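Engineer: I have a structure here, written as structure tokens, and I will follow up with some questions on it.
The values are calculated or read from the model by the stated rules, or taken from the named source; none is laboratory data. Nothing here was measured: the structure is a model prediction, and the numbers come from that model. Heads up, the Cβs are rebuilt from the backbone with ideal geometry, glycines too, and the neighbour counts pull from every protein chain shown.
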Amino acid sequence: MTTSSRVIEHKHIAEISSTRKIVIGVVEILIGLLIYLAFAAKTTGEALTKFVMTPGGIDQGLMADWILPSRITLLVLAAAAFVIGAYQLIRGFGKWTNLMIGICALFLTFGFLVWQAADKQLNLAGMLSSAVLLAVPITLGAFSGILAERSGIVNISIEGMMLMASMAAAIVGSVTKNAWLGLLGGILSSIILALILGVLSIKYKINQVISGTVINIFSAGMTAFISQKFLQHIEGLNNPKMFTRVPLPVLADIPLIGPILFNQNLFVYLMFLILIILQVALFQTRWGLRFRSVGEHPKAADTLGINVIKTRYMGVILSGLVAGIAGAFFTLGSVGRFDEGMTAGKGFIGLAAMIFGNWMPVGAIGAGALFGFADAIGSKLSLLGSTIPPQFMAMAPYLITMVVLAGFIGKGQAPAAEGEPYEKE
Amino acid sequence: MTEQKKDLGQEILNEINQDQLKKEHSRKPFLGKATIPLLAIVTGLIIGALLIALTSQSVYAAFGESIGKGFTQAFSEIGSAYKALFTGAIGDPVRMINAVRGDDAKELRQAFNPFLESLVQATPYIFAGLAVALGFRSGLFNIGVEGQLFIGAACATFVGYSITGLPAWIHMPLAFIAGALGGAFWGFIPGLLKAKTGGHEVINTIMMNWIAFRLTEWLLSGPMTREGSGGMPISPIIEKTAEIPQFFPSPIRFHLGFFMALIVAYVIWWILFKTTWGLNLRTVGTNPRAAKYAGLSTTKSIILAMSLSGALAGMAGAVQILAVNRSMALGLSSGYGFDSIALALIGNTHPVGVVLSSILFGTLRNGATRMMVVSSIPIDIVDVVQAIILMFVAAPAIIRSIYHLRKPKQEEEQIFLSGWGGQS
């Protein structure tokens, strides 16, 4: 138990150590070199890259296509990354360091797309639009993780909760022929699992990772069981009403941003809504301070009269609620029917996004967007006839998470008391 | 905190003595230790039976007629399902007895085939369960067994088909060891990251799982693809010399790998409980602070434990390829990774327990295949039962309150695992 000393350690994190300063500078210069050697040097001078800037099938917020000279664009990107890296090495960006490495990563991705689409055309807006959709379950999964972990409970069963919720949403949505009731059913099923997780972890004080594993195995088994026993034979049980695309007035007409962010289905808007609620509630209100204190130092919180046990149950249930929305997304917002194992590890990636985003809602949505983007690139590349196997693109989020976890972007600030059962003395 | 003001020396002494208490505790007779798991298994099977009855339409139809008919129908459904489970897992008793009495060797083998097939099913679970158990003993949660298994299988497959002209007694062990090394490498990386940077192994191994899936998907549809497979992700068939031999002619798949698993389980037991290194490992696992004060290198033990755990997982993949599948496809594992966590915990993270729980679940899984054919109950019911049993084993208080058992005098051994921060 070194809780008290850990809290003090956090203060040093904002400062950037000199080795990290150099390592990041070198990485940025390497990115510049990579853009030059791997992309620019292999592109002919006359090649043009055409980016279509309106997703297919949308007639609001149109934008003209971008036609870029491939080689020059790449040279500019390489030079910019090089300059950023050089400045980082000589002077250092201080607190902007992480932002700058992020910008360089963006250059790398954009450069990659320019190179891949040289002499071809790529619907960049369509790719971003599908990235937003792909980011929804990951981001919501990350929010679910934040809610549990900020109150001190490690929740690795987000995957299981999502899977159960996606099935429940499909069944309820099909039987009632109402997408809203389907969503509610999904959320309820996920909350029930969250309650089991809570009872096991809080009341029986089982290791939280193990109780999460119980939920995951149970969900995988139960959904497959019910799916094979009923859903595959009775079509009426697996044919839910879906949430359709709803363009928001005015906002949907903004070029580029409108079609990507404001002409989507309910789940995308819910994601933004929950982001705002979480960010404000956790960091601007008294409730949030109390909530977080239970995850950081339950003993101190208890001394101040905060009910640790109740707060943790609340955290777990809220976590289940958000995971339920994420699960319902698969059946009601994306596919339109339940398939076995359809969450495909998105819950775990959500967990990674939570860590990547440093247990902050804003960070989580950033990480979720990044992972969603990597997914979207992977599926578009195969359409472009790229020589790079899509599997390698798909690996990127996992590799990034491991690099982040290894402390490249700075040590994360996990809630200090998470994973430890609370015992009142 | 006030704790820090206490005499450190005294505290260390206490912690070391605690270890000894645990040793005495572990001398309890086997049955005493097995009470909770056994009751958990029984309860799990009862809940499984309830699930069968609750999801059966004919039971509801019978209840519609009268309550008595409903119960009769429910019991007959459960009875026929569990009978199919038993005959599918062990064999038909009548046929077995007749076969033993008769002298038809072929009939004898076929009568006992269900039981032998259960052992075949159990074999990868033993390796994978040992992998997780070894991790737990060293205070590490290896969720990455699935990925390590895939990489191990891919390595074993590659050595199995690419090298030709070797005698079997070199080729087969070589392919098996290649599998173990592949898995070890996949475990080594998160081990190294944990030891050097504190990156938590749970997240890192989950990430490594997905990297492994993508990597094998690419390998099997690219560099390692079978000629003429038309882009299907499947590997060439391994050479005859690389095969782990099966004992009997074709439909019976019982193979040498089962005994290899038993030997490996014995070796792991010996390492954990009879060597200094094993003691160090367990000390780091149960009491990292005491280990630190005793001057043990946690770095080294974390890396070694993760590598060894990965090697065991790799062996699980290798044995499955070399003895049963003989070529690699993406559907290699039906979730060995998560199942093995359950098996390790149900087996009390002890090699003997792991072997027993693996055989139990290999048996259940094998029987469930027949249950699916006879009573059309999806095989996934085994997962549900497994989750419930795991829950009861992890929270013995629930089992104790169901069966009104007394609380043991000593605290049960708790598995020590650190939080995400990894600052243990």
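Engineer: Can you confirm whether A:GLY288 is more than 26 Å from A:ILE309 (Cα to Cα) and more than 20 Å from the chain's Cα centre (by Cα)?
Structural biologist: Numbers: more than 26 Å from A:ILE309 (Cα to Cα): no; more than 20 Å from the chain's Cα centre (by Cα): yes.
No: the conditions fail for A:GLY288.
Engineer: If you don't mind, there's one more thing I want to ask. Take the range A:177-224 and flag every residue that is among the β-branched types (Val, Ile, Thr) and within 11 Å of chain B (Cβ to nearest Cβ). Break it down into steps so the answer makes sense when it comes.
Structural biologist: Just the residues of the range A:177-224 that are among the β-branched types (Val, Ile, Thr), to begin with: A:187, A:191-192, A:196, A:199, A:202, A:206, A:209-210, A:213-215, A:217, A:223.
A:ILE196, A:VAL199, A:ILE206, A:VAL209, A:ILE210, A:THR213, A:VAL214, A:ILE215, A:ILE217, A:THR223 - these are the residues of the range A:177-224 that are among the β-branched types (Val, Ile, Thr) and within 11 Å of chain B (Cβ to nearest Cβ).
Engineer: Can you work out which of the residues in the range A:352-369 that are hydrophobic (A, V, I, L, M, F, W, C) and assigned to a loop (DSSP other than H, G, I, E, B) is surrounded by the most Cβ atoms within 10 Å (Cβ to Cβ)?
Structural biologist: Initial filter on the range A:352-369 (hydrophobic (A, V, I, L, M, F, W, C)): A:352-356, A:359-360, A:362, A:364-365, A:367, A:369.
The next check asks that each one be assigned to a loop (DSSP other than H, G, I, E, B); those that pass are A:359-360.
Values: A:TRP359: 23, A:MET360: 19.
The selected residue is A:TRP359.
Engineer: Something else about it: Looking for whichever is in contact (Cβ under 8 Å) with a residue 60 or more places away in the chain and touching a Ser or Thr at 6+ places or on another chain (Cβ under 6 Å) here; the options are B:ALA313, B:ALA305. Which one fits?
Structural biologist: Values: B:ALA313 fails: touching a Ser or Thr at 6+ places or on another chain (Cβ under 6 Å).
B:ALA305 is the lone residue from the list that is in contact (Cβ under 8 Å) with a residue 60 or more places away in the chain and touching a Ser or Thr at 6+ places or on another chain (Cβ under 6 Å).
Engineer: Determine if the range B:100-110 includes at least one residue that is within 30 Å of B:ALA184 (Cα to Cα) and in contact (Cβ under 8 Å) with a residue 40 or more places away in the chain.
Structural biologist: We begin by selecting, within the range B:100-110, every residue within 30 Å of B:ALA184 (Cα to Cα); these are none.
Within the range B:100-110, none of the residues are within 30 Å of B:ALA184 (Cα to Cα) and in contact (Cβ under 8 Å) with a residue 40 or more places away in the chain.
Engineer: Just one of B:SER357, B:SER297, B:SER333 is surrounded by fewer than 20 Cβ atoms within 10 Å (Cβ to Cβ) and more than 10 Å from every other protein chain (Cβ to nearest Cβ); which is it?
Structural biologist: Working: B:SER357 fails: surrounded by fewer than 20 Cβ atoms within 10 Å (Cβ to Cβ); B:SER333 fails: surrounded by fewer than 20 Cβ atoms within 10 Å (Cβ to Cβ).
It is B:SER297.
Engineer: Tell me which residues, restricted to the range B:386-411, are facing chain A (nearest Cβ under 8 Å) and in a helix (DSSP H, G or I). Step through it out loud before you land on a result.
Structural biologist: First pass over the range B:386-411, keeping only residues facing chain A (nearest Cβ under 8 Å): B:386-388, B:390-391, B:394-395, B:397-398.
Across the range B:386-411, the qualifying residues are B:GLN386, B:ALA387, B:ILE388, B:LEU390, B:MET391, B:ALA394, B:ALA397, B:ILE398.
Engineer: Given the conditions (1) more than 11 Å from chain B (Cβ to nearest Cβ); (2) of a type in the set (A, V, I, L, M, F, W, C); (3) surrounded by 22 or more Cβ atoms within 10 Å (Cβ to Cβ), report the number of the one that A:ILE257 does not fulfil.
Structural biologist: (3)
Engineer: Condition test on A:GLY111, is it in contact (Cβ under 8 Å) with a residue 24 or more places away in the chain, closer than 30 Å to A:GLY198 by Cβ and of a type outside the set (D, E, K, R)? Steps first, please.
Structural biologist: Details: in contact (Cβ under 8 Å) with a residue 24 or more places away in the chain: yes; closer than 30 Å to A:GLY198 by Cβ: no; of a type outside the set (D, E, K, R): yes.
No: the conditions fail for A:GLY111.
Engineer: Evaluate the range B:103-117: report whether one residue or more is touching a helix residue (DSSP H, G or I) at 6+ places or on another chain (Cβ under 9 Å), outside any helix (DSSP H, G or I), surrounded by 12 or more Cβ atoms within 10 Å (Cβ to Cβ) and at pLDDT 85 or above.
Structural biologist: Within the range B:103-117, none of the residues are touching a helix residue (DSSP H, G or I) at 6+ places or on another chain (Cβ under 9 Å), outside any helix (DSSP H, G or I), surrounded by 12 or more Cβ atoms within 10 Å (Cβ to Cβ) and at pLDDT 85 or above.
Engineer: So is A:THR139 surrounded by fewer than 22 Cβ atoms within 10 Å (Cβ to Cβ), β-branched (Val, Ile, Thr) and either under 23 Å from the mean Cα position of the chain (by Cα) or part of a helix (DSSP H, G or I) (or both) or not? So that I can check it myself, show each step before the final result.
Structural biologist: Numbers: surrounded by fewer than 22 Cβ atoms within 10 Å (Cβ to Cβ): no; β-branched (Val, Ile, Thr): yes; either under 23 Å from the mean Cα position of the chain (by Cα) or part of a helix (DSSP H, G or I) (or both): yes.
So A:THR139 fails the test.
Engineer: I need a count of the residues in the range B:393-410 that are touching a residue at least 60 places away in the same chain (Cβ under 8 Å) and either at positive phi or surrounded by 24 or more Cβ atoms within 10 Å (Cβ to Cβ) (or both).
Structural biologist: 1
Engineer: Please tell me if B:THR369 is surrounded by fewer than 20 Cβ atoms within 10 Å (Cβ to Cβ), in a helix (DSSP H, G or I) and not small (Gly, Ala, Ser). Can you show your working first?
Structural biologist: Working: surrounded by fewer than 20 Cβ atoms within 10 Å (Cβ to Cβ): yes; in a helix (DSSP H, G or I): yes; not small (Gly, Ala, Ser): yes.
Yes, satisfied.
Engineer: Quick check: anything in the range A:51-62 outside any loop (DSSP other than H, G, I, E, B), in contact (Cβ under 8 Å) with a residue 60 or more places away in the chain and more than 30 Å from the chain's Cα centre (by Cα)? Reasoning before the result, please.
Structural biologist: Here is the first cut: in the range A:51-62, the residues outside any loop (DSSP other than H, G, I, E, B) are A:51-52.
Then keep just the ones that are in contact (Cβ under 8 Å) with a residue 60 or more places away in the chain; that gives A:51-52.
Next, only the ones that are more than 30 Å from the chain's Cα centre (by Cα) stay: none.
Looking through the range A:51-62, none of the residues is outside any loop (DSSP other than H, G, I, E, B), in contact (Cβ under 8 Å) with a residue 60 or more places away in the chain and more than 30 Å from the chain's Cα centre (by Cα).
Engineer: Name the residue that is nearest to the other protein chains (Cβ to nearest Cβ), counting only residues in the range A:359-398 that are farther than 25 Å from A:MET271 by Cα and modelled with pLDDT of 80 or more.
Structural biologist: The qualifying residue nearest to the other protein chains (Cβ to nearest Cβ) is A:GLN391.
Quick grid of which residues meet (1) buried (at least 24 other Cβ atoms within 10 Å of the Cβ); (2) within 13 Å of chain A (Cβ to nearest Cβ); (3) at positive phi; (4) not in a helix (DSSP H, G or I):
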position	(1), (2), (3), (4)
B:ILE177	no, no, no, no
B:GLY182	yes, no, no, no
B:PHE188	no, no, no, no
B:ALA195	no, yes, no, no
B:ASN204	yes, yes, no, no
B:LEU215	no, yes, no, no
B:TRP218	no, yes, no, no
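Engineer: How many residues does the range B:48-68 hold that are part of a helix (DSSP H, G or I) and either surrounded by 17 or more Cβ atoms within 10 Å (Cβ to Cβ) or of a type in the set (Lys, Arg) (or both)? Lay out the reasoning, then the answer.
Structural biologist: Restricting attention to the range B:48-68, the residues satisfying the condition of being part of a helix (DSSP H, G or I) are B:48-54, B:57-65, B:67-68.
So of that shortlist, the ones also either surrounded by 17 or more Cβ atoms within 10 Å (Cβ to Cβ) or of a type in the set (Lys, Arg) (or both) come out as B:48-49, B:51-53, B:59, B:62.
Summing the residues that are part of a helix (DSSP H, G or I) and either surrounded by 17 or more Cβ atoms within 10 Å (Cβ to Cβ) or of a type in the set (Lys, Arg) (or both) in the range B:48-68 gives 7.
Engineer: Right, another one. Is there a residue in the range A:244-252 that is under 25 Å from B:GLY335 (Cβ atoms) and either touching a helix residue (DSSP H, G or I) at 6+ places or on another chain (Cβ under 8 Å) or buried (at least 16 other Cβ atoms within 10 Å of the Cβ) (or both)?
Structural biologist: Taking the range A:244-252 as the starting set, the residues that turn out to be under 25 Å from B:GLY335 (Cβ atoms) are none.
Within the range A:244-252, not a single residue is under 25 Å from B:GLY335 (Cβ atoms) and either touching a helix residue (DSSP H, G or I) at 6+ places or on another chain (Cβ under 8 Å) or buried (at least 16 other Cβ atoms within 10 Å of the Cβ) (or both).
Engineer: Whether any residue in the range A:185-207 is among the charged types (D, E, K, R) and either at negative phi or touching a Leu at 6+ places or on another chain (Cβ under 8 Å) (or both) is what I want to check.
Structural biologist: From the range A:185-207, those among the charged types (D, E, K, R) are A:203, A:205; that's our starting set.
The next check asks that each one be either at negative phi or touching a Leu at 6+ places or on another chain (Cβ under 8 Å) (or both); those that pass are A:203.
Among the residues of the range A:185-207, at least one is among the charged types (D, E, K, R) and either at negative phi or touching a Leu at 6+ places or on another chain (Cβ under 8 Å) (or both), which makes the answer yes.
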